[in-house]
Amino acid sequence: MPARASPASTYEEYECKICYNYFDLDRRAPKILECLHTFCEECLNTLHLREERPWRVSCPVCRHRTPVPDYRIQNLPNNTKVTEDFPLYIDSDPLPQDALPPYPPPLHPALVALRREEASGAGQASPSTTVSTATTLSQDSVRYDSCQSCKRVALTTGCVCVIFSFLSMLVLLFMGLIFVHSHSIPPSPAGPICLSVASILAMFSVVVTWLICWLKYRPDHETGRASATSNSRRNA
């Protein structure tokens, strides 16, 4: 007789791992990030409001940064696996969900400021100004995505180079010690050559490792870029 799945394991797939409430098709819609982690829209809205850069949201599990279309979490895609297999028996669960406030979640301050600028300049600016503003926002988002892709490629290439250099260094070091300690007359020059190349590979591994750490943990300069973009919009 097959063992039945416990109610906890049955419900876990349909829970948000931040607030532990069940997903629904409204303000707790299951939004999936680029890292394939899924959280409810309400919790992601709260995380998004804490972000200094409104065009992204950081995953609370792996810290991966997912671009947010038009600064709005509701524009992120839903996890179709959860929505298509949405269980109706969750309504009969004895543990009720937390009550949500009746008003919708607030917008990101950057989006509010942008809409105020558009509203204040609606009577003065021409339609081409609005088009240029939207084009600038889309270009900033595309530039940010391309920078992140290049950064991932550089980190992956650097890690491969470090691993290859380290393994080659070990092999050359072992071979050099064998040639040096061999009692051949005259002594073979292969031993010092192997040891010299191994030391060069060791220095190369150290330098590339330092570059990887600097590239991964360096502070972003996106705040300055965002302020410069906003200043150029105001001047326009």
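Scanning the range 5-45 for residues that are at pLDDT below 85 and under 22 Å from HIS108 (Cβ atoms) returns ASP26, ARG27. Within the option set PRO77, PRO54, being touching a Phe, Trp or Tyr at 6+ places or on another chain (Cβ under 6 Å) and touching a residue at least 24 places away in the same chain (Cβ under 8 Å) holds for one residue only, PRO54.
Within the range 169-192, the set of residues being within 28 Å of CYS159 (Cβ to Cβ) and either open to solvent by 90 Å² or more (accessible area, probe 1.4 Å) or in a loop (DSSP other than H, G, I, E, B) (or both) comprises just one member, PHE174. With the condition kept exactly as written, say whether any residue in the range 64-82 is modelled with pLDDT of 80 or more, over 30 Å from LYS216 (Cβ atoms), touching a strand residue (DSSP E or B) at 6+ places or on another chain (Cβ under 8 Å) and open to solvent by less than 40 Å² (accessible area, probe 1.4 Å). Within the range 64-82, one or more residues are modelled with pLDDT of 80 or more, over 30 Å from LYS216 (Cβ atoms), touching a strand residue (DSSP E or B) at 6+ places or on another chain (Cβ under 8 Å) and open to solvent by less than 40 Å² (accessible area, probe 1.4 Å).
The values are calculated or read from the model by the stated rules, or taken from the named source; none is laboratory data. Given the structure is predicted, the values throughout are model-derived calculations rather than measurements. A quick note on method: Cβ atoms are made from the backbone with ideal geometry, for glycine too, and the neighbour counts reach across all protein chains shown. For accessibility, only protein heavy atoms count, side chains too; no ligands or nucleic acids. Shrake-Rupley method; radii C 1.70, N 1.55, O 1.52, S 1.80 Å.
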